[in-house]
Structure formats: C-alpha cells, structure tokens
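Below you'll find the structure, written out as structure tokens, and then a few comments.
The values are calculated or read from the model by the stated rules, or taken from the named source; none is laboratory data. Just so we're clear, the structure is a prediction, and the values are computed from it rather than from any experiment. Here the Cβ positions follow ideal geometry from the backbone for every residue, glycine too, while neighbour counts run over all protein chains shown.
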Amino acid sequence: MRVLGVPPADQDTLSPQESLHPAYQVRESLDVPVKLIVLDRAVALLPADPERIERGYVEVSHPQVVLELAELFEKHWQRASDPAVGAVLPIRLSTREQAVVDLLALGHTDTTAAVQLRISARSVTNVLRGLMDRLGVENRFQLGLALGAIGAASPPYHHHSDQDQAS
C-alpha cells in the first residue's frame with residue numbers, strides 16, 4: 001500500500017508498526033490535489049465532496065479513467081518526498097536517560113553528572129552510547145542535534161541577572 005499525503009501540521013507520525021511494515025510506503029507533498037484511493041488499478045474512489053469527506057466517495061471503474069488517475073498518482077508520487085529520509089524517529093527516554101541528558105545540557109561533565117545521579121561516570125557514558133546507538137548517530141554532537149530535533153533535550157534556560165544585562 002502506498003500513501004501520498006500532505007505533511008501533518010502537528011508533526012504527527014505513523015505508528016512504528018505501520019511505518020515499518022514492508023508493504024507500507026509513505027510519501028509527502030504539499031501539492032496533493034485530492035484524496036484518491038486506487039484498488040488493483042481497477043477501481044478508483046474519489047471524495048464526493050473534497051471539502052467534506054464524510055459525504056462519501058464516488059466509485060469509478062471505467063478502465064481508461066482509472067488508468068489516468070493511477071498515472072496522476074504516479075506523477076505526484078515521483079515528486080513527493082519520503083518523510084523518513086533524514087528524519088529522526090521519535091523515542092521515549094527512560095528516567096535515567098532523561099536525567100543524564102538534562103544534566104549534560106546544563107553543562108555537566110560525565111563525572112559531575114554521575115555524582116549528581118549517584119552512579120558511575122562509566123554508567124553515564126554507557127547511557128549516552130545506548131542513546132547514540134538507538135538514534136543511529138556517531139558522536140555526542142550528533143546526539144545533541146538528534147535529541148534537540150525530537151524535543152528530548154533543549155538548551156538550558158539562562159536567567160540574566162541585572163549585572164549581566166548592564167554589561
């Protein structure tokens with residue numbers, strides 16, 4: 001099954017089960033003319049009213065019309081982009097992973113983060129290595145970018161004192 005759609009405004013993604021299914025392909029384009037379902041290149045379904053999907057669909061079975069609609073889909077499919085290319089898959093951090101990431105974002109070293117969390121510096125390193133492996137990145141800089149992209153880490157809030165603002 002191939003799905004061509006407009007990128008979601010809320011950054012919603014497919015569930016991991018859907019996106020990893022080998023028969024399920026997704027592409028996105030800002031230029032999708034109308035919702036269209038083509039079944040076995042024999043039947044096409046189009047919304048009766050594109051503005052109000054709940055009004056149902058029109059079934060088209062005329063071979064030449066279905067062929068033209070399938071070709072229209074193919075043209076749009078070729079120009080669309082794969083949303084997974086270059087994307088960072090969302091992950092859920094464990095409590096320990098989130099604590100390590102938060103402390104490092106505040107400027108802690110592995111050693112000072114370990115002291116704060118009452119674990120070894122080696123454990124901090126292992127947590128980071130595990131995250132790097134899960135996200136498919138090679139170094140801590142890339143890890144920081146990936147974690148920022150998925151919203152799992154952000155730069156620390158810096159409160160400016162009156163003295164900072166005067167200088």
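General remarks:
- Within region 22-36, the only residue that satisfies the criterion of being within 12 Å of LEU69 (Cβ to Cβ) and surrounded by 15 or more Cβ atoms within 10 Å (Cβ to Cβ) is LEU36.
- Among the residues of region 30-59, those identified as assigned to a strand (DSSP E or B) and closer than 18 Å to LEU4 by Cβ are ILE37, VAL38, LEU39, VAL43, ALA44, LEU45, LEU46, PRO47, TYR57.
Every residue, every condition in (1) among the aromatic types (Phe, Trp, Tyr); (2) surrounded by fewer than 12 Cβ atoms within 10 Å (Cβ to Cβ); (3) not assigned by TED's automatic domain parsing to the domain that holds ASN139, yes or no:
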| position | (1), (2), (3) |
| --- | --- |
| GLY56 | no, yes, yes |
| GLU71 | no, yes, yes |
| LEU106 | no, no, no |
| ARG122 | no, yes, no |
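- Hey, ARG41 of a type in the set (D, E, K, R) and at pLDDT 90 or above or not: no
- Of all residues in region 104-128, those being within 14 Å of ARG140 (Cα to Cα) and of a type outside the set (Ser, Thr, Tyr) number 9.
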